[in-house]
Amino acid sequence: MDNLWVAFILSIVEGLTEYLPVSSSGHLVLVGDLLNFSGEKAATFQVVIQLGAIMAVVVLYWGRFWGLLRPQQGVSFAGLRGIWMLFLTCVPACVLGLLLHSQIKSLFTPSMVLIPFVIGALLMIFVERRQFHPRYETLDDMTPGLAFGIGCFQCLALFPGFSRSAATIM
């Protein structure tokens, strides 16, 4: 299949799965395998398309990101405090990613992606049935402990196939 068509199909998959509590990177691995798109080209494509999704979030929430540089009155997730909270959410995954990089890279196979798909689906059903009541309404309610806890749950997403958004929701 022509690489342009593969890129088009994978872009559609990314667009449909990025903003749902399902793993977009896991879906890219599975669909890429079905299309015989693997190797360095596929890995580079996955990084670039994920970067595009991240940039879409930055554009959508530009005001929040700008608030990290320009604190606003009455907004606690801004300025140095907001940057500190973001740092706390990143630390667990950065540490594990640095320590386990080669092991994590070896997990990007279709069979290894399916395991977190199933586990993630079961966890989402469990969390949905529990009917938790949110204690926090906005980012401004975030505490340092909550930020670090979210970062710890984000470590689940180091397994390809486990959704970052599902990890955050849990």
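If eta is 0.692 mPa s and T is 37 °C, what Stokes-Einstein diffusion coefficient results for the stretch 70-170, Kirkwood Rh from Cα pairs, in µm²/s? Estimated diffusion coefficient is 217 µm²/s. Based on alpha-carbon atoms, the Kirkwood radius and the radius of gyration of the chain give Rg/Rh equal to 1.00. For the chain, the membrane-span-like helix rule (DSSP H, alpha carbon extent of at least 27 Å along the helix axis, mean Kyte-Doolittle at least 1.0) picks out 40-60, 79-99, 110-130; this says nothing about an actual membrane. Rounded to the nearest 500, the 222 nm mean residue ellipticity of the chain from helices alone is -22500 deg cm²/dmol, with -39,500 (n - 2.57) taken per DSSP H run of at least 4 residues.
Using every pair of separate Cα atoms, the Kirkwood estimate puts the hydrodynamic radius of the stretch 8-73 at 13.2 angstrom.
Annotation for the stretch 125-167: trypsin sites (Lys or Arg not before Pro) lying in DSSP loop with at most 12 further Cβ atoms inside 10 Å of their Cβ are R135.
Taken about its Cα centre, the stretch 3-169 carries a charge dipole of about 240 debye when Lys and Arg each add +1 at the Cβ and Asp and Glu each add -1 at the Cβ.
Bear in mind these aren't lab numbers, they're just calculated from the coordinates by the rules spelled out. Just so you know, these numbers come straight off a predicted model, no measurement behind them. Glycine gets a Cβ as well: all are built from the backbone with ideal geometry, and neighbour counts include every protein chain shown.
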